[in-house]
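Here the structure comes first, spelled out in structure tokens, and everything after it is commentary.
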Amino acid sequence: MASFSALTTPLGVGIGMGISSGYNPYSTQGKTSTDGTHPRSRPEYIPNHIPDPSYVRILDTTLRDGEQSPGAAMTSDQKLGIARQLVKLGVDIIDAGFPSASQEDFNAVKMIAQEVGNDCDADGYVPVIAALCRCNEKDITTAWEAVRYAKKPRLIPFIATSSIHMEYKLNKTKEEVLQIAIDMVKFTRSLGCDDIEFGVEDAARSDTEFLYKILEEVIKAGATTLCIADTVGITMPLEFGEMIAGIKANVPGVENVIISVHCHNDLGHATANTIQAACVGARQLEVTINGIGERAGNAAFEEVVMALKCRGDHALGGLYTGINTRHILKTSRMVEECSGMYLQPHKALVGDNSFLHESGIHQAGLLKHRGTYEIISPEDIGHERSNGANMVLGKLSGRHALKNRLQELGYELRDDELESVFRNFKAMAGKKKRVTDVDLKALVSDQVCHVEPIWKLDDLQVTCGTMGSSTASVKLVTVHGSTHVACSVGVGPVDAAYKAIDLIVKGFHGKRMG
């Protein structure tokens, strides 16, 4: 078995080069094109081979594994809308669902295969439409009937290979599981499907030698992609990378198939495990939008894709995808709305706070250069932003950020005026989580545009009840000390009081004019 450290040496070198070369996230060198796509073109799709060894296929399983999140069920129309949005992203494979689960799931997968799976763009791109099925003839036949209408259909027959699953869930021996896997891959091919992704459920907890054997045999039977699943999210990145490296080094025929990885996030390592697997040879990564999925979810689409985009050339040996990242934010919001799985504010890349800055130190740096505290441009994932920075004004903000925002609102203040506003801003920020533009305008009005009072209210008496009109008696004092009194009737005490004030003010100014 090849040494894992030797296989990962280029990754270590890449990281060192990325840091020492003064990586600038806002430089255009080695970056994606202006529309968010990678400058290298998408290679021709061949089920078991990728012509460019640096290209990484992205399989999105939001509509299947993502929908398995408790409470995340979506309608067929919602799934179709998301599938169309995934095409805008440019995903290579859409895992459209589990047709055997229900008639509704079957109909949704079939609809996506017929509509989305046949909509080629000007460059000939059309996504592969895949469907999951258990390793039995009924499941496989049903899944094939749902996806076969797509231009590029794929089936994903799967079976568990860990001892705990085989004993307690399947109640089968290793020999029985091996034979089922071989027979069902052959059966899948007999239906006319030549794009077969064999899924190894709970591969991360499987006996290594048995895992190698079953993978060898399904390759012989006709599998074109091998899906290695960390179904329960138990592995650490080095462990998972070592497992993929071991498969590459010890499974005969593995050079003739694509290795795919499917990682869950139970210990919070799904994205890291996925990236590590890509570094040692996996060339298909299975992800979900917003990381939704069973239990703690799956590897997040946006995290994996942007890690490859942001660090692919500098730290990951030149790995890249065909994803148009400028559609990430819109897709995230669509999935959030359709699934009802709402994001935490600090969710990486797509959370509400991902590109917001409140610290005064950070804000001062951003005003000088965005790259000081942003490793990617927010516009790269679809944010629309004016004036170059998203500043949140709060108790940690400094004078630079306040002055910049006031200038954006049209206020040019002298130093002493700014200092006065800043003191009051700090006092307000200590009581509120965020200070809004309306708050800022009020602060400027109070501190800078302050108008000297002409009148002072000295006395107010009102009479009101459930019957009849209200009356008010008002006494006002001018800045010069003269007293003026008026009474009035109105519809309610407020109306009566204002009418009395109106009589005083109009009478006073009328005399002055006379």
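Find the strands (runs of 3 or more DSSP E) located wholly in segment 77-174 whose residues include 3 or more that are under 24 Å from GLY192 (Cβ atoms), assigned by the TED database to the domain that holds ILE234 and touching a residue at least 60 places away in the same chain (Cβ under 8 Å), and list them.
Ranges flagged: 128-134, 153-160.
Looking at segment 320-343, is at least one residue in contact with a Pro (Cβ under 9 Å, 6 or more places away or on another chain), closer than 22 Å to THR274 by Cα and part of a loop (DSSP other than H, G, I, E, B)?
Yes, the conditions are met somewhere in segment 320-343.
Out of all the residues in segment 186-226, which are buried (at least 24 other Cβ atoms within 10 Å of the Cβ) and touching a Gly at 6+ places or on another chain (Cβ under 7 Å)?
ILE196
Determine, yes or no, whether ASP458 is at pLDDT below 85 and either open to solvent by less than 90 Å² (accessible area, probe 1.4 Å) or closer than 30 Å to ASP502 by Cβ (or both).
When the stated conditions are applied, ASP458 does not pass them.
Let's see how each residue does on (1) in a helix (DSSP H, G or I); (2) within 28 Å of GLU337 (Cα to Cα); (3) not hydrophobic (A, V, I, L, M, F, W, C):
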{"residue": "ILE244", "(1), (2), (3)": "yes, no, no"}
{"residue": "ILE259", "(1), (2), (3)": "no, no, no"}
{"residue": "GLU294", "(1), (2), (3)": "no, yes, yes"}
{"residue": "LYS309", "(1), (2), (3)": "yes, yes, yes"}
{"residue": "GLY318", "(1), (2), (3)": "no, no, yes"}
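Identify the single condition in (1) surrounded by 13 or more Cβ atoms within 10 Å (Cβ to Cβ); (2) in contact (Cβ under 8 Å) with a residue 24 or more places away in the chain; (3) assigned by the TED database to the domain that holds ALA500 that VAL477 does not satisfy, given that it satisfies every other one.
It fails just one condition, (2).
Check whether at least one residue in segment 203-218 is part of a loop (DSSP other than H, G, I, E, B) and out of contact with any helix residue (DSSP H, G or I) (no Cβ under 6 Å at 6 or more places or on another chain), and report yes or no.
The answer is yes; a qualifying residue exists.
Name the residue that is nearest to the chain's Cα centre (by Cα), counting only residues in segment 406-431 that are touching a residue at least 24 places away in the same chain (Cβ under 8 Å) and part of a helix (DSSP H, G or I).
The residue in question is ALA429.
In segment 254-272, is there at least one residue being open to solvent by 40 Å² or more (accessible area, probe 1.4 Å), at negative phi and over 22 Å from the mean Cα position of the chain (by Cα)?
Yes: segment 254-272 contains one or more residues that are open to solvent by 40 Å² or more (accessible area, probe 1.4 Å), at negative phi and over 22 Å from the mean Cα position of the chain (by Cα).
Collect the residues in segment 236-248 that are open to solvent by less than 10 Å² (accessible area, probe 1.4 Å) and either over 26 Å from the mean Cα position of the chain (by Cα) or closer than 14 Å to ASP202 by Cα (or both), keeping them in residue-number order.
PHE240, ILE244, ALA245, GLY246, ILE247
Step by step: first the residues of segment 51-90, then only those that are in contact with a Pro (Cβ under 8 Å, 6 or more places away or on another chain) and over 22 Å from GLU303 (Cβ atoms), then the one that is least open to solvent (accessible area, probe 1.4 Å). Which residue is that?
Filtering segment 51-90 for residues that are in contact with a Pro (Cβ under 8 Å, 6 or more places away or on another chain) and over 22 Å from GLU303 (Cβ atoms), the one least open to solvent (accessible area, probe 1.4 Å) comes out as ASP52.
Would you mind finding the one in VAL200, VAL232 that is closer than 28 Å to ASN290 by Cα, at pLDDT 95 or above and touching a Ser or Thr at 6+ places or on another chain (Cβ under 6 Å)?
Being closer than 28 Å to ASN290 by Cα, at pLDDT 95 or above and touching a Ser or Thr at 6+ places or on another chain (Cβ under 6 Å) holds for just one of VAL200, VAL232, which is VAL200.
The values are calculated or read from the model by the stated rules, or taken from the named source; none is laboratory data. Predicted model only: the values in this text are computed from it and were never measured. As a convention, Cβ positions derive from the backbone with ideal geometry for all residues, glycine included, and neighbour counts pool all protein chains shown. Ligands, DNA and RNA are excluded from the accessible area calculation, which covers all protein heavy atoms including side chains. Shrake-Rupley method; radii C 1.70, N 1.55, O 1.52, S 1.80 Å.
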